[in-house]
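The values are calculated or read from the model by the stated rules, or taken from the named source; none is laboratory data. Owing to the predicted nature of the structure, the values given are computational and were not obtained by experimental measurement. In this analysis, Cβ positions are derived from the backbone assuming ideal geometry, glycine residues included, and neighbour counts consider all displayed protein chains. The area values use the complete protein model at the heavy-atom level, side chains included, leaving out ligands, DNA and RNA. Shrake-Rupley method; radii C 1.70, N 1.55, O 1.52, S 1.80 Å.
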Amino acid sequence: MAASTTISPSTSFVANKNELGFSGFVTSRLPSAKRFGGGKPGRKVVAVMAPPQKAERMPATTGSVKNAMTMTEKIFAKASEKPKLSPGENVWVNVDVLMTHDVCGPGSFGIFKKEFGQNAKVWDREKVVVIPDHYIFTADERANRNVDILRDFCKEQNIKYFYDITDLSDFKGVCHVALAQEGHCRPGEVLLGTDSHTCTAGAFGQFATGIGNTDAGFVLGTGKLLLKVPPTLRFVLDGEMPNHLLAKDLILQIIGEISVAGATYKSMEFVGSTVESLNMEERMTLCNMVVEAGGKNGVVPADATTFEYLKDKTTKRYEPLYSDGSARFLSEYRFDVSKLEPLVAKPHSPDNRALARECKDVKIDRVYIGSCTGGKAEDFLAAAKVFLASGKKVKVPTFLVPATQKVWLDLYTLPVPGSGGKTCSQIFEEAGCDPPASPGCGACLGGPKDTYARMNDAKVCVSTTNRNFPGRMGHKEGQIYLASPYTAVASALTGYVTDPREFLQ
């Protein structure tokens with residue numbers, strides 16, 4: 001059972017810039033704010049910054065302490081058994097969970113055996129999670145060999161949490177979503193994974209980040225890793241979430257604001273009334289793409305929504321940690337979400353932000369809905385909502401790749417609100433989409449040429465994935481527009497990049 005705890009409000013922010021102790025406080029430094037804001041389509045807005053708060057909110061804090069720390073600093077302090085830490089310090093951190101998959105697992109296991117011995121045993125067989133998910137539905141011999149290596153190592157080491165792909169009843173899918181669904185994400189813990197989007201798990205109020213094969217090999221043998229404490233950027237998102245926006249729009253807004261290098265080796269902490277209103281899967285979307293801003297990790301303070309999600313996921317005790325009210329943040333950004341509009345990231349960078357309505361003349365060839373970013377149950381429910389509102393069929397091939405087996409089952413069993421009992425799969429079929437594919441990473445990162453929905457030709461794609469670099473989804477001349485499921489479906493219905501308000505007004 002979860003450790004008993006007082007749930008602290010998760011909307012801490014520093015009202016007085018003097019409390020920050022440095023000059024990096026951001027209040028109006030949004031150079032392109034006039035381009036990206038609310039209002040009706042076709043009308044420019046003055047800003048996306050939230051107005052000054054009139055009433056101070058209670059900070060998300062563990063109480064008055066002598067040495068104030070941010071949430072990430074506290075997690076590092078707990079994991080390194082230190083009373084206090086500051087950004088820039090290097091400490092040995094005890095790891096709670098190490099995750100790897102079919103792309104990086106073989107290399108990590110090889111390094112582990114080379115450095116610790118061919119007969120060495122992992123430090124804790126119950127803290128290693130192995131999930132084949134990247135190149136699993138392919139005839140590629142080397143990809144299949146990688147899964148065989150995982151299978152052999154996990155059998156040799158008696159790894160408790162190896163989710164093989166031979167038994168579809170126990171097959172999981174994309175590691176970052178499966179980690180949450182299987183109860184491996186817990187507040188206050190340290191989760192490391194050999195994948196850059198491991199930062200997704202920060203949605204649960206824990207430190208989660210991607211590491212390389214060498215580091216993973218060391219963790220396998222010792223359960224520890226030397227890490228530098230990152231400084232923290234705080235993002236305060238307030239205002240009522242418009243019905244045409246999703247968390248994908250929020251993180252694209254932020255990345256477009258600070259750039260793909262704006263959070264390099266920094267923690268990104270998300271707070272505010274808008275963040276509080278998000279369900280866990282939307283919070284996962286928010287944290288998933290912090291690495292696209294260069295972030296070391298992303299975190300959302302654990303609250304009642306977190307604890308409710310974890311009720312039937314884990315029986316392990318956990319200790320939520322929260323930033324102190326007087327903690328120092330490198331910078332603080334505030335956004336009035338009610339003024340934001342649907343966004344896309346144009347080729348070939350996640351920070352190449354534009355309003356969806358500004359790209360209405362961009363003709364597209366296909367739409368892809370899937371990945372750890374945009375292939376969760378809530379993402380497909382959002383997609384179904386637009387199809388229902390439109391009553392139309394897609395004009396371009398629309399590929400659907402559920403993140404996990406559980407999401408796949410949900411598409412065929414869960415009724416969509418307002419549909420009269422129809423499931424997502426029924427709605428997608430009526431709209432002319434391809435049937436939902438087998439769960440996995442799919443074409444998000446290209447993969448072998450027989451990967452489902454891979455861009456083998458130079459096409460233009462609107463995708464709910466996380467990266468749009470040249471060659472990311474296959475062809476090096478392909479063009480990828482990153483978007484929310486709302487915008488992706490609206491674009492599928494018109495054959496052009498389309499603002500979802502055309503169907504969601």
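Matching residues to (1) closer than 22 Å to Pro350 by Cβ; (2) among the hydroxyl-bearing types (Ser, Thr, Tyr); (3) in contact with a Lys or Arg (Cβ under 6 Å, 6 or more places away or on another chain); (4) in contact (Cβ under 8 Å) with a residue 60 or more places away in the chain:
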| residue | (1), (2), (3), (4) |
| --- | --- |
| Cys441 | yes, no, no, yes |
| Asp457 | no, no, no, no |
| Ser463 | yes, yes, no, yes |
| Asn466 | yes, no, no, yes |
| His475 | yes, no, no, no |
| Gly478 | yes, no, yes, no |
| Ala483 | yes, no, no, yes |
Per the filter on region 84-121, residues part of a loop (DSSP other than H, G, I, E, B), out of contact with any strand residue (DSSP E or B) (no Cβ under 9 Å at 6 or more places or on another chain), open to solvent by 50 Å² or more (accessible area, probe 1.4 Å) and of a type outside the set (S, T, N, Q) are Lys84, Val103, Lys121
Give the residue, chosen from Thr398, Thr423, Thr404, that is surrounded by fewer than 21 Cβ atoms within 10 Å (Cβ to Cβ) and of a type in the set (Val, Ile, Thr). Thr423
Quick check on Phe162: is it under 27 Å from the mean Cα position of the chain (by Cα) and at pLDDT below 95? no
So Val275 ticks every box in (1) touching a residue at least 60 places away in the same chain (Cβ under 8 Å); (2) closer than 23 Å to Pro500 by Cα; (3) open to solvent by 10 Å² or more (accessible area, probe 1.4 Å) but one. Which box is left unticked? (3)
Given (1) open to solvent by 20 Å² or more (accessible area, probe 1.4 Å); (2) on the phi > 0 side of the Ramachandran plot, index of the condition Pro415 fails: (2)
Note on region 223-255: residues open to solvent by 20 Å² or more (accessible area, probe 1.4 Å) and either at pLDDT below 95 or farther than 15 Å from Asp499 by Cα (or both) are Lys224, Leu226, Lys228, Pro231, Gly239, Glu240, Met241
Of Pro435, Pro470, Pro485, Pro500, the only residue that is open to solvent by 50 Å² or more (accessible area, probe 1.4 Å) and closer than 20 Å to Ala382 by Cα is Pro435
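Residue-by-condition table, conditions (1) closer than 24 Å to Val497 by Cα; (2) assigned to a strand (DSSP E or B); (3) within 25 Å of the chain's Cα centre (by Cα):
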| site | (1), (2), (3) |
| --- | --- |
| Glu358 | yes, no, no |
| Tyr368 | yes, yes, yes |
| Ala384 | yes, no, yes |
| Lys393 | yes, no, no |
| Lys406 | no, no, yes |
| Gly420 | no, no, no |
| Phe428 | yes, no, yes |
Would region 308-331 turn up any residue that is open to solvent by less than 50 Å² (accessible area, probe 1.4 Å), in contact with a strand residue (DSSP E or B) (Cβ under 7 Å, 6 or more places away or on another chain) and not small (Gly, Ala, Ser)? yes
Hits in region 240-283 (condition: part of a strand (DSSP E or B) and more than 15 Å from the chain's Cα centre (by Cα)): Val271
Taking Lys296 as the residue in question, decide whether it is basic (Lys, Arg) and either under 12 Å from Pro350 (Cβ atoms) or in contact with a strand residue (DSSP E or B) (Cβ under 8 Å, 6 or more places away or on another chain) (or both). yes
Kindly check whether there is at least one residue in region 178-198 that is surrounded by fewer than 24 Cβ atoms within 10 Å (Cβ to Cβ), of a type in the set (Asp, Glu), in contact (Cβ under 8 Å) with a residue 12 or more places away in the chain and in contact with a Pro (Cβ under 9 Å, 6 or more places away or on another chain). no
Per the list (1) outside any helix (DSSP H, G or I); (2) closer than 25 Å to Arg283 by Cα, residue check on Leu225 breaks on (2)
